[in-house]
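Asker: Let me give you the structure first, and then I'll get to my questions.
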Amino acid sequence: MITKEDIQNQMIQAVETVKRTNPMAGSITNTVTINFVANAQLAVGGSAAMVYLPDEGEFLAKAGGATYINVGTLLTIYEQTLPHTAKTLHDMEKPWVLDPVAVGIGSLRTQLLQQFKEYKPSVIRGNASEIIALAGLWELDGGTDVSNVRGVDSTDSVSTAKAAAVALAKWTGGAVAVSGKTDLITDGSVIAISHGGSHFMEKITGSGCSLGGVVAVYATATSPFIAALTATAVYNLAGARAGNKVDGPGSFQVQFLDELYKATAADIGNNPFEIEEV
Amino acid sequence: MITKEDIQNQMIQAVETVKRTNPMAGSITNTVTINFVANAQLAVGGSAAMVYLPDEGEFLAKAGGATYINVGTLLTIYEQTLPHTAKTLHDMEKPWVLDPVAVGIGSLRTQLLQQFKEYKPSVIRGNASEIIALAGLWELDGGTDVSNVRGVDSTDSVSTAKAAAVALAKWTGGAVAVSGKTDLITDGSVIAISHGGSHFMEKITGSGCSLGGVVAVYATATSPFIAALTATAVYNLAGARAGNKVDGPGSFQVQFLDELYKATAADIGNNPFEIEEV
Amino acid sequence: MITKEDIQNQMIQAVETVKRTNPMAGSITNTVTINFVANAQLAVGGSAAMVYLPDEGEFLAKAGGATYINVGTLLTIYEQTLPHTAKTLHDMEKPWVLDPVAVGIGSLRTQLLQQFKEYKPSVIRGNASEIIALAGLWELDGGTDVSNVRGVDSTDSVSTAKAAAVALAKWTGGAVAVSGKTDLITDGSVIAISHGGSHFMEKITGSGCSLGGVVAVYATATSPFIAALTATAVYNLAGARAGNKVDGPGSFQVQFLDELYKATAADIGNNPFEIEEV
């Protein structure tokens, strides 16, 4: 098994590469948190670009080092844009991150998420309920037919999504990140548990979405597993630091972006996590 | 007539229920302030989810304790989504809040707002010009044929919208909240005048929209009138507190979200208001 | 040639007129930074309204003192909305500001930007790569066939866009603002170079978009050249002041909005710039 030190070294390298090269990661994402996604991507050293139309999704897929697709607030044109973009990414073997927000709500969302199975997202990021429901939709181990997704919130704990996360990662050959109080990241053979964060992260909208966008930034520079773990680590670090400075969610979001920007590669590599074999 | 003390007790109970139960209030709302709406809903203890498509609107209408519909930046699909969602809410007797932003601009907006008359929103929240124009569109007392809405701003004072507000509340059997320097809330038989706020609330976009979203959160837990008054009270309280701490609109929005989060049930119940019979 | 003092007096007058009259400048703009655009317009004393549909674009074009069109996140309906709105503005000889974000990405964007040539935007604001690419698309001097636009970022320096900016301004009879480390504003015969800002402006999304929205606010009150220079000056001033107070991009955006609000007419007129003849 890969050692913790190897993982930390790869994380540090990914952070340094991103800070040095300012890589572009395009997004097709929801309108609720689109600004926060872009600002978080910029704060860690990436470059952001967002689109809605099919040929523009294809353009970003080709131009960017990685792409973020979040199915939050679907538009009708997404019926064309999302499969087209995901297919382009898969055909070109470019990394892409899927955030299956609110899986189970509405027919188009279900249709799109089913189509994504064959385009194998490099990283899937979601809360426990979303990860379990997506595994169910894809008929993989650990999934359930009945979604416990409540709007955009999880009603399951991270540990209950372990089997689903592993099954999804084995299917895609990439990685899965389950966000919650502690976060679980797996490539199907190794599981990392990352610690930190703040209770305020649930009191602002977009902690999860913007994390997905930042995973895409790191995925331009490293493997899906390291990208997912590095992004989760900087979120846990910045969340904890920001949470210690504030007493409300408005100030939290401001400080959180500042701490994303200030976190050094060493800080991020040293943020607490453990690894275990699946 | 209901006493002021009865009203205050119901307000306190509504705030406590929301803080304890984290109720979900879905929204179909404009893209300008959608992030602020969600963050304000979270700050007072609710949960947020936003959609655009018809079957997703229906899903949220059924899944949420109440729903917020804001006609700010209309998309073409809203021709289907909004009447379908409003009809679902009306048929299920679920509370919903209408924000008739910029009534009078464009044919789809007019068509949708006309359709809403029969689906009787539980709470209508707007500025004075919007309330007067909506009453006019629905051919109720106090309305005018000619809208004084200027873009999204009011050119009328709150008191001039009193007759229109009462007529709208009588028609829907719910409540109407007119936002301005002082705010007027009525259920058609009682009028409450709520005080507080800050001049900075007009210097940030979305004070009104996010207030509508917060009314929906409280409407999951109490009557339309108490929901509208409670939301207005916490806005006046948080606005005044934030306004005292800052000298610019950027800082104001940050502090305002913090104060929404920190306001206790007792604080909100004690925010100054008077009541009178219609 | 116009003297620097004349220019400063016109800038001061424009700022004072806006603060006194709260003019409305409608926008059709991207969803990433739409909230920031509105808040920036409000901070300098204007009023904001955003729409997507064709007849609503026409309404705002007629109702507002000037209009801002930003082609950032195109929706399918924009194929109708944008030419219709631009034609209305041109026919009525109303000032409008074009932000050719990410020119070169996608067929609809190219089609729309080509159509805009005949509707002659009063002010074109973009980064160096966008200005050069637009001049190329319009087959004017200083343009290139091959775009160096990378997503939404510039890969060219401001000075390299000088010929393209002058050619565009001569074609439209209005003004062009090229944003970068130092900013270049020209009406085709005079060039102003404006100084200030902060490195944090590239670390938040929407510095450029919101500047375009603020140019539109000033364009309600003065000539295209003075509007572009005044908006650039207040951005350079507020950016420098905010940048001196913060150590992260989250805090920067908050302080930047505060400083936009606090900047006086004299402050803005005195922000450093030089002029030269073309």
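Asker: For the stretch C:4-277, give the share of DSSP beta bridges that are antiparallel, in percent and rounded to the nearest 5; count only bridges with both residues there. Let's see the in-between values first.
Answerer: Values: 13 of 32 bridges.
Approximately 40 percent, going by the DSSP bridge assignments.
Asker: Let me ask something else about it. Please get the size of the charge dipole for the protein assembly as shown, origin at its Cα centre, with Cβ charges of +1 on Lys and Arg and -1 on Asp and Glu, quoted in debye to the nearest 20.
Answerer: Working: 54 positive and 81 negative charges, 115 e Å.
Using Cβ point charges on Lys, Arg, Asp and Glu, the protein assembly as shown gives about 560 debye.
Asker: Output wanted: per-residue J couplings in Hz (rounded whole) for the stretch C:96-103, from phi through Karplus 6.51 cos²θ - 1.76 cosθ + 1.60, θ = phi - 60°, x for Gly and Pro.
Answerer: Couplings: 8, 10, 10, 10, x, 3, 6, 3 Hz.
Asker: Could you check the spin-label model distance between C:Thr17 and C:Met92? Points 7 Å from the Cα along Cα→Cβ, value in nm.
Answerer: In this crude label model, C:Thr17 to C:Met92 measures out at 1.7 nm.
Asker: Put a point 7 Å out from Cα along the line to Cβ at B:Ser159; what are the distances to that point in the other copies, in nm, shortest first?
Answerer: 6.3, 6.3
Asker: Hey, in the GNM for chain B with a 10 angstrom Cα cutoff, which one of B:Phe225, B:Phe59, B:Phe252 fluctuates hardest?
Answerer: B:Phe59
Asker: Right, another one. Give the Debye-formula value of log10 I(q)/I(0) at each listed q (0.10 Å⁻¹), with one equal scatterer per alpha carbon of chain B, two decimals each.
Answerer: Listed by q, the Debye log ratios stand at -0.43.
Asker: Around A:Ile124, which amide H atoms from residues at least 5 apart in sequence, or from another chain, sit under 5 Å from its own amide H, with H modelled in the peptide plane?
Answerer: A:Leu98, A:Ala175, A:Val176, A:Ala177
Asker: Then there is this: Point me to the residue of chain C whose C-beta lies closest to the C-onto-B rotation axis, rounding the distance to whole angstrom.
Answerer: Nearest-to-axis residue on chain C, with distance in whole Å, is C:Thr31, 3.
Asker: Under a cut-off of 19 Å between alpha-carbon atoms, report the lysines in cross-link reach of B:Lys94, not counting same-chain residues fewer than 8 places apart.
Answerer: Within the straight-line limit of under 19 Å, B:Lys94 reaches these lysines: B:Lys62, B:Lys117, B:Lys120, B:Lys170.
Asker: Quick one: label points 7 angstrom along Cα→Cβ at A:Thr3, distances to the other copies in nm, smallest first?
Answerer: 7.5, 7.5
Asker: Let me ask another. Take the Cα coordinates of the stretch A:8-160, assign each an equal point scatterer, and use the Debye formula without solvent to give log10 I(q)/I(0) at q = 0.08, 0.15, 0.21 Å⁻¹.
Answerer: -0.23, -0.81, -1.36
Asker: Report the Stokes-Einstein translational diffusion coefficient (µm² s⁻¹, integer) for the protein assembly as shown, Rh taken as the Kirkwood radius over Cα pairs, at 37 °C with viscosity 0.692 mPa s. Intermediate values should be presented prior to the final figure.
Answerer: Numbers: Rh = 26.8 Å.
My calculation gives 123 µm²/s for D.
Asker: Here's another thing I want to ask about it. Taking only C-alpha pairs under 8 Å that are 6+ residues apart, what is the relative contact order of the stretch A:4-277 in percent?
Answerer: 21
Asker: Before anything else, pin down the relative contact order of the stretch B:1-62: Cα pairs under 8 Å, at least 6 apart, normalised by residue count, whole percent.
Answerer: Details: 46 pairs, mean separation 22.1, N = 62.
Reported relative contact order: 36 percent.
Asker: What does the helix-only formula give at 222 nm for the protein assembly as shown: each DSSP H stretch with n ≥ 4 adding -39500 (n - 2.57), the total divided by the residues, and the result rounded to the nearest 500 deg cm²/dmol?
Answerer: Values: 33 runs with 414 residues, N = 834.
Mean residue ellipticity at 222 nm (helix-derived): -15500 deg cm²/dmol.
Asker: Another question, then. For A:Ser107, what charge total do you get from the other residues with a beta carbon under 14 Å from its beta carbon, if Lys and Arg give +1 and Asp and Glu give -1?
Answerer: Taking every other residue near A:Ser107 into account, the sum is -3.
Asker: Also, I was wondering about something else. Using the Cα centre of the protein assembly as shown as origin and beta-carbon charges of +1 (Lys, Arg) and -1 (Asp, Glu), tell me which of C:Ala43, C:Asn244, C:Met1 is placed farthest towards the positive end of the dipole.
Answerer: Projecting each Cα onto the dipole axis, the largest value belongs to C:Asn244.
Asker: May I ask you to order A:36-42, A:21-27, A:90-96, C:228-234 by the average number of other C-beta atoms within 10 Å around their residues, highest value first?
Answerer: C:228-234, A:36-42, A:21-27, A:90-96
Asker: Now for a separate question. Average partner chain C-beta neighbours within 10 Å, per residue of C:39-48?
Answerer: 4
Asker: Let me ask something else. Is there a simple number for the mean count of other chain Cβ atoms within 10 Å of the Cβ of residues in A:27-34, and what is it?
Answerer: What the average comes to for A:27-34 is 6.
Asker: Quick one: which residues, 5 or more positions from B:Asp183 or on another chain, have an amide H under 5 Å from its amide H? H modelled 1.01 Å from N in the peptide plane, none for Pro or chain starts.
Answerer: B:Ser194
Asker: Could I ask something else about it? Hey, for B:His195 with labels 7 Å out along Cα-Cβ, what do the inter-copy distances come to in nm, ordered shortest first?
Answerer: The answer, with the shortest distance listed first, is 5.2, 5.2 nm.
Asker: Also: Tell me the net charge near C:Gln13. Cut-off is 14 Å between Cβ atoms, C:Gln13 excluded, with +1 for each Lys or Arg and -1 for each Asp or Glu. Could the numbers behind the result be given before it?
Answerer: Numbers: positive: C:Lys19, C:Arg20; negative: C:Glu5, C:Asp6, C:Glu16.
Computed value for this residue: -1.
Readers should treat all values here as calculations from the given coordinates under stated rules, not as data from a laboratory. Model, not experiment: these values are computed from the prediction. Here the Cβ is made from the backbone with ideal geometry for all residues, glycine too, and neighbour counts use every protein chain on show.
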